[in-house]
Structures are given as structure tokens and as C-alpha cells.
Amino acid sequence: MKLSKILVANRGEIALRVMRSAREMGIATVAVYSEADRQALHVRYADEAVCIGPAPSGQSYLRGDKIIEACRQTGAEAIHPGYGFLSENAAFAREVSQAGLIFIGPSPESIQTMGSKLAAKAAAAQYNIPMVPGSAQAITDVSAAKSICRTIGYPVLIKASAGGGGKGMRVVERESEFEEQMQRAVSEAVSAFGDGSVFIEKYITSPKHIEIQVLGDQLGNIVHLFERECSIQRRHQKVVEEAPSSVLTPQIREAMGRSAVDVARACGYYGAGTVEFIVDEGLNYYFLEMNTRLQVEHPVTELITGVDLVKEQIRIAQGETLAFRQEDLQIRGHAIESRVYAEDPQNGFLPDIGRLQTYIRPQGPGIRVDDGFEQGMDIPIYYDPMIAKLVTYGQTRTDAINRMKRAIEEYQITGVETTLPFCHFVMQHEAFLSGQFDTHFVSRYFTPGLLQKAAEPLEAAIAAALIAMLHEGHQKPEQEITQSARSVSRWRERR
Ligand code: MV4
């Protein structure tokens, strides 16, 4: 069934990104917006727009009922949820189809299974997919849990089954700390997710976060589109991502790809999805969880494969067969994404909201900017402070890195502080250049004093550096989940 009009239940850069692909497919677009977003670019870009409520997302972008009503009003036949908001809400996906509309995404059952880490692991256990040693079920009995920990060995990690973003996660270094940490994890999980189920895993001390993009159609065909390396993150918020990973061998890439397809198959997956792994220093990989949405960092995969993931999502929702088989896909070149957040890297990455006084995008070969703002606009306080995704492409990783440095130097933003200087720092760091880094990159290597502000008068740069040096002594190091995490990375030694 060909769609003729879709509603995009999101805002900002991702709403625009989705509408662009829809328009290229000849599909009309409907925007929804909150009262804070009347002037937003996604509203102006859409063929039609419907206001769904006040600024707080609980009263607008999270109101499934109002969004379904907006479809009735405009005649939209399908809903693309983007990422965040309602994108991984199984109940919403079910309500959409009960209203006779198409949810552009996986089935409610897939969303529900993968929304529980324990259910996801249970589904994956039908296949031979590597998983971190730990408890297969929620732990309730402290002494039974301690005996599991004795078997797998400390340190262990307690995780919330319903968790996300590191919430409800506790590292336990020794048995004497176990009970207290378990109680904390349970109460954090109850208050954050309304579900206190927690389980245990062996703690991998220096992991890389590598995820595999998958696509499945409604006829049961599933392919993977290789990996994204997402280890450069702070407090579980990714800042720099790239594809492909510079450490995977073709053999490990193929094995991880096959495992990712198996995970998707285990829950009858269709649509676009991401299978998340951690990779240890010996390049052993372990399945952690699956994200059942389009991810923020999807453009790096699009650039190295030539596949428009949003168009594929729409084709899959239309019931079409995947247009390619696994052997049709290959990696061409290298792509890097820098997330431009309105946050101050000189000041603990605190959100720095305000008006974009100057906003001039970089241009030229190999540069893609996905954003939702123009010069003069305010960054609203109600939503995610991401201004843009700056993505560069090159034939080699070095080309993509040099292009990213050039693009960051061209990008002119005043009025708010951004993560751009931090991303520039990453592009020059020896650990990033060599590929020998893990998820602890930021806490291990970054201090605000190391940032140089580009394109500023020398005196101002010196003053900023002096101020940063004065502040450095007073700053608490970024809270990390373990002490041993601050030790030197062992990625290098093993290679
Ligand atoms: C882990 C881990 C080490 N060992 N599991 C964090 C968020 C969640 N999606 C999985 N996470 C981790 N799970 C075991 N058994 C380390 C992390 C982790 C992490 C993972 C990916 C990206 C960034 C991270 C930062 C800190 C910890």
C-alpha cells in the first residue's frame, strides 16, 4: 500500500530529516507542534501543521491521543515517530494501528520485548549470541545473587531491566558492597521506570560501544548495515560517532552483523533497528540490548552505505520487500558525526540555552548538517538541547577527520556555548586518532583547560585558558561509574 500523506510526531532536526525523505518519495507531510514551536522550521517545512498543546512535552509531543486526532483531521495515513518521545512506546504503536493508521516502525510486540533487557536477552538466547556472563533473570534474593557474583567474579554491574541512559546501573567492586548497591539500583529503577527488576552482569571495565544497524521487512527478510562506533560519550550521552569502527576486523564485523540479524530475527523484527554491543579489549563482543527506533547517529550509516534509512522505513511500512540483500551492501568510505549541543564544555557540559545570535553552517564537499534552527532563533528550554548534527564523509578515516576539523572551524555559532570545541579536541586527540579509546574517553582525557577557542582574538583565548586553569583545581572530576575506570586504557597494549 503506497502512502500519500504521513504525520511526523516529532520536532527539530529529526522531524525535518524525516519530511525531506517523504517529500522525495512524493509523500505529503503533516507536522505537529507545541505552542513553543510555532515558528519552528519543521512546522514551516511541512505541507500542513497541527498544534497539539502547550510547550511541555507531556502536554504535546507525548500526547498520543492528540497526535492520532491530528491524523484524523488531516487525513494522514501513517505516523513516523522519529527518536525519543513516543518512538519506543509499545502502547502508542498499538493505539496507532487500532486507529486504522500505520506506525512507521516495528510491531508493538517487538518494541515491548526489546523494552525489557531481560526479555530481549531471553529472546536472543534462542540463538548463539554472545552475552556478558550474569543472571538470566531478575534478582530478588540477595544471597542467591551474591552466589552468582562469586561465580562470575567481581566487579559486577547491576542493571535495571527497564533501564536506559545508565539509570539504575551500579558497579559493585566487592561482595561487602553488594547488598547496599542492589537496594540503590532497585529503588532507582522503581522511581525512574516504575519497575524494580534488576539483574547482574560481569562488569567489562574498558569497553567500546559498537552498535549494528539492521533493517527488516514485513516478509521476514533482515539485513545489517554494518556498525557505528559510539564510545565517545559523556554521562551516557553520545557526542562523537563514526562508521565504520577502526578496530573491527572483517571477520568480527561479519560475526557481529550476523549476531545482530539473529537478535532481530529472535523478536520477529521489521523496520529499522539498532543492536547494541560492547566490545572488550580482546575484541570479544557481547549483546546488550536493542533500540527499536531510528537513532540520532543514523546519518553515518547512510553515508557509508548509500542507503536512505528513512525511505527504507517508509517502504517497509508500505509492506514492500527489502530492495537489497546482505551481499548487495558494502562499506564505502568513512563518516563521522559531531553532535552540536547547546552545552558549555568549559562548564561541566551544562545546558546553555539562549538565542543563536550568529548561526552560519559549514559548507562544501563531504559535509552534511542536520539541524532545525536558523540564525536569530531561541533554543527552547523544554526539549533536548541538540542544535545540530555535523556529519563529514571522506574516502578514509583521516579524510573524514580532517574534514570534520575544517567544518568545525567554519561553523560559526554565537549566543550560546556549544560542544563544537570539544568535538575539535576529540579530532586532534592521539587516542581518537589511533582508535585506541573506550567509553571512558571523556573522563580519562578531557579537562576544560585543554580547549582552545577557534577564531577568537589571542588575548581572549589566553584569558579563557587562564580562567579555565584557575577553575580546574576546583572542579570535581566527572562522576564515573567506577574508580578503575580512570586508569589508563589497555586498548593499546593488546594490539
Ligand atoms: C555495560 C558496561 C560494562 N559492562 N555492561 C551503559 C548504558 C547501557 N546501554 C549499557 N552500558 C554499559 N553496560 C557491562 N556488563 C558499560 C556500560 C557503559 C557504557 C556503554 C555504552 C556506552 C557508554 C557507556 C558508558 C559507561 C558504561
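Residue count for the range 90-100 satisfying the condition of being assigned to a loop (DSSP other than H, G, I, E, B) and buried (at least 18 other Cβ atoms within 10 Å of the Cβ): 0.
Inside the range 246-361, counting only strands (runs of 3 or more DSSP E) that do not spill past its ends, which hold 3 or more residues that are closer than 30 Å to Gly12 by Cα and within 16 Å of the ligand (Cβ to nearest atom)? Strands (runs of 3 or more DSSP E) meeting the threshold: 271-279, 285-291. State all residues of the range 410-449 that are among the acidic types (Asp, Glu) and away from the ligand (no atom under 16 Å from the Cβ); if no residue qualifies, say none. If the condition is that a residue be among the acidic types (Asp, Glu) and away from the ligand (no atom under 16 Å from the Cβ), then Glu410, Glu417, Glu430 are the ones that fit.
Considering the range 181-223, and only residues there that are among the hydroxyl-bearing types (Ser, Thr, Tyr) and closer than 30 Å to Glu281 by Cα, the residue that is farthest from the ligand (Cβ to nearest atom) turns out to be Ser197. Remark: Leu16 matches the filter, which requires a residue to be in a helix (DSSP H, G or I) and in contact with a strand residue (DSSP E or B) (Cβ under 9 Å, 6 or more places away or on another chain).
Scanning the range 375-392 finds one or more residues that are outside any loop (DSSP other than H, G, I, E, B), outside the structural domain of Arg38 (by TED's automatic domain parsing), at pLDDT 95 or above and among the small types (Gly, Ala, Ser).
Matching residues to (1) free of Cβ contacts under 8 Å to residues at least 24 places away in the same chain; (2) farther than 23 Å from Gly165 by Cα; (3) not β-branched (Val, Ile, Thr):
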residue	(1), (2), (3)
Gly12	no, no, yes
Ala15	no, no, yes
Met25	no, yes, yes
Thr29	no, yes, no
Cys51	yes, yes, yes
Gln73	yes, yes, yes
Ile79	no, yes, no
Val96	no, yes, no
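All of Arg361, Arg332, Arg339 fail the test of being without any contact (Cβ under 8 Å) to a residue 60 or more places away in the chain and in contact with an Asp or Glu (Cβ under 9 Å, 6 or more places away or on another chain), apart from Arg361.
Can you tell me which residue among Glu211, Glu241 is buried (at least 18 other Cβ atoms within 10 Å of the Cβ), touching a Ser or Thr at 6+ places or on another chain (Cβ under 7 Å) and within 30 Å of Ala317 (Cα to Cα)?
Details: Glu241 fails: touching a Ser or Thr at 6+ places or on another chain (Cβ under 7 Å).
Matching residue, one of Glu211, Glu241: Glu211.
The values are calculated or read from the model by the stated rules, or taken from the named source; none is laboratory data. Keep in mind that what you see is a predicted model, and the values were worked out from it rather than measured. For neighbour counting, all protein chains shown are included, and Cβ atoms are generated from backbone atoms with ideal geometry for every residue, glycine included.
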